[in-house]
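The next block holds one structure in the form of structure tokens; read it before the comments.
The values are calculated or read from the model by the stated rules, or taken from the named source; none is laboratory data. Keep in mind it's a predicted model, so treat the numbers as computed, not measured. In this analysis, Cβ positions are derived from the backbone assuming ideal geometry, glycine residues included, and neighbour counts consider all displayed protein chains.
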Amino acid sequence: MNAVFKTFLALIRLPGYPGISLAMFLSGIASSFAVPYTSLFGATEAHMTPVRLGIFMTLTAVSSVIVSTYLGRIADRRSDKKRIVLLSIAGSALGYALLCVTRNYVLLTIFGCVFLSIGAAVFPQLFTFGKARLHAEGIEHTEMPMATLRTTLSCAWVFGPAVGAIVLGVSGFNGLFLSAAGAFALAGFIVLCMREPKAYDSYEAADKTTSEIPQQAKNAHVYAALVSFTLIGMGSAIATIMLPVLIVDQLHGTTAHVAQMVGLGAFAEIPMMLLLGGAARRINKANMIAFASLSHIVYFAGIALAPNLWVLVPLQILNAVVVAVTSCLGMSYFQELMPGALARATTLFFNTMRTGSVLAGVASGFVAATWGYRAVFVFCVMLASTASIVLFIFNYQRGAKMFFDPALEPAVQGSAITTVVAVDERNGNRAVTGGGVAKS
């Protein structure tokens, strides 16, 4: 634990890292205010039917895939990546502010497809901007810093939904969405005050010439990963959409209960992400993700059979396992499958989650309208089962170890954090390790 604390202190001393962490935290607060209650807003405040709600969520997700992909390509070709981050944050802030002015279904759909779709690029662009800052400071291995940045986002989700529930109870959906817009605006101001990195990752620059998957990556393993992660993302998106409605409509809970469930899951993710970030270089990622998908099966089955709210409490730990593993290991897994195409591999990873969200909107609305809300989670059991089977089959064909590969042992042993980060500064060299900071 002392090693973790020292590593954290070393990270926050890096130039620009506190700023990007704070911007990530505020953006996470904003999203944790709005996202858990968007489906509830559509069902109760805008009086959407399950089918209309599904269409609304789907169209917004489709637009998000298209717009965020386009913005990602622009960011790869431009040196001023900060402008793309600011544009994305502005889209989120304006989009949620506009949700306060009308309950008209058509206008709400337009606002979602235009402004919220631009805002969908906020977190990918913040991670890209943060990684660019790390490489500009000479960071060699970014697993631990990026895991810490992802943990910052989870911290926002620990208490964000609970605070959002209080705001919702006091000032309604207008106050909730305006609070989210304000948090995004503050995050944008912080990014605006940060300087643009002057140096970028060399392999990132090499990926600017084409948007196609390189020839060596066009194999069954990449396509299997695409299918598996799309199914995992689809199941997670369905749970995000339908769990709040199930809690309120079927289990007779309140928005406070929704906030408690989301906050508990986010809290449980934090230690898991830190441990995975430290061991990411030697973990068998495909098998770990496959076993996490097995946790998803139990999670969805438990929700489908839950007789009351209290059964959902321990289930949030299982969901936290899936979120932590896919968030920390998923991107690296795609990058390992596509060597020499890091930027495009990262884009594919994020697009699988977004594609899953697109499919989730249609599927959840149709299943809920036909068989009810509990049937939606039975459908999710099928999705998670298929994802696990595909990952296990293709990973064993690669001949990988069960969980850890001894050939990938990190350079530093004997500490809780086993990643090595090297930082070169003009006035000296500083090595950040799991055991602390050494100057030379």
Residue under question is Gly169, and the condition is that it be closer than 30 Å to Ile247 by Cα and either aromatic (Phe, Trp, Tyr) or part of a helix (DSSP H, G or I) (or both); does it hold? yes
Starting from the stretch 294-321, take each residue that is charged (D, E, K, R) and list its partners that are buried (at least 16 other Cβ atoms within 10 Å of the Cβ) and at pLDDT 90 or above, counting only C-beta distances under 7 angstrom and pairs at least six apart or across chains. none
Identify the single condition in (1) closer than 17 Å to Ile238 by Cα; (2) modelled with pLDDT under 85 that Val381 does not satisfy, given that it satisfies every other one. (2)
Provide a single number: the residues in the stretch 254-280 that are over 23 Å from Ile29 (Cα atoms) and at pLDDT 80 or above. 0
Residues satisfying the stated conditions in the stretch 98-114, i.e. assigned to a helix (DSSP H, G or I), without any contact (Cβ under 8 Å) to a residue 24 or more places away in the chain and more than 26 Å from the chain's Cα centre (by Cα): Val106, Leu107
From the list Pro339, Pro307, pick out the single residue that is at pLDDT 85 or above and either surrounded by fewer than 20 Cβ atoms within 10 Å (Cβ to Cβ) or of a type in the set (S, T, N, Q) (or both). Pro307
Leu329 hydrophobic (A, V, I, L, M, F, W, C), assigned to a helix (DSSP H, G or I), in contact with a strand residue (DSSP E or B) (Cβ under 7 Å, 6 or more places away or on another chain) and at pLDDT 80 or above: yes
Looking only at the stretch 304-325, decide whether some residue is small (Gly, Ala, Ser), touching a Cys at 6+ places or on another chain (Cβ under 9 Å) and in a helix (DSSP H, G or I). yes
Exception for Ala10 within (1) touching a strand residue (DSSP E or B) at 6+ places or on another chain (Cβ under 6 Å); (2) surrounded by fewer than 17 Cβ atoms within 10 Å (Cβ to Cβ) falls at (2)
If you take the residues of the stretch 75-97 that are at pLDDT below 80 and either in a helix (DSSP H, G or I) or closer than 22 Å to Ile110 by Cα (or both), which of them is farthest from the chain's Cα centre (by Cα)? Arg77
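Suppose we keep only residues that are of a type in the set (Gly, Ala, Ser) and either within 18 Å of the chain's Cα centre (by Cα) or part of a helix (DSSP H, G or I) (or both) within the stretch 227-256. Which one would you say is nearest to Cys380 (Cα to Cα)?
If we take residues in the stretch 227-256 being of a type in the set (Gly, Ala, Ser) and either within 18 Å of the chain's Cα centre (by Cα) or part of a helix (DSSP H, G or I) (or both), then Gly235 is nearest to Cys380 (Cα to Cα).
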Given Leu99, Leu94, Leu86, Leu107, which one is among the aliphatic types (A, V, I, L, M) and surrounded by 24 or more Cβ atoms within 10 Å (Cβ to Cβ)? Leu99
What number goes with the only condition from (1) at pLDDT 60 or above; (2) surrounded by 17 or more Cβ atoms within 10 Å (Cβ to Cβ); (3) closer than 25 Å to Tyr17 by Cα that Cys193 does not pass? (2)
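Can you tell me which residue is nearest to the chain's Cα centre (by Cα) among those in the stretch 46-61 that are surrounded by 15 or more Cβ atoms within 10 Å (Cβ to Cβ) and at pLDDT 85 or above?
If we take residues in the stretch 46-61 being surrounded by 15 or more Cβ atoms within 10 Å (Cβ to Cβ) and at pLDDT 85 or above, then Thr60 is nearest to the chain's Cα centre (by Cα).
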As an exercise: evaluate Val67 against (1) under 27 Å from Lys131 (Cβ atoms); (2) β-branched (Val, Ile, Thr); (3) at pLDDT below 85; (4) within 19 Å of the chain's Cα centre (by Cα) and give the number of the one condition it does not meet. (3)
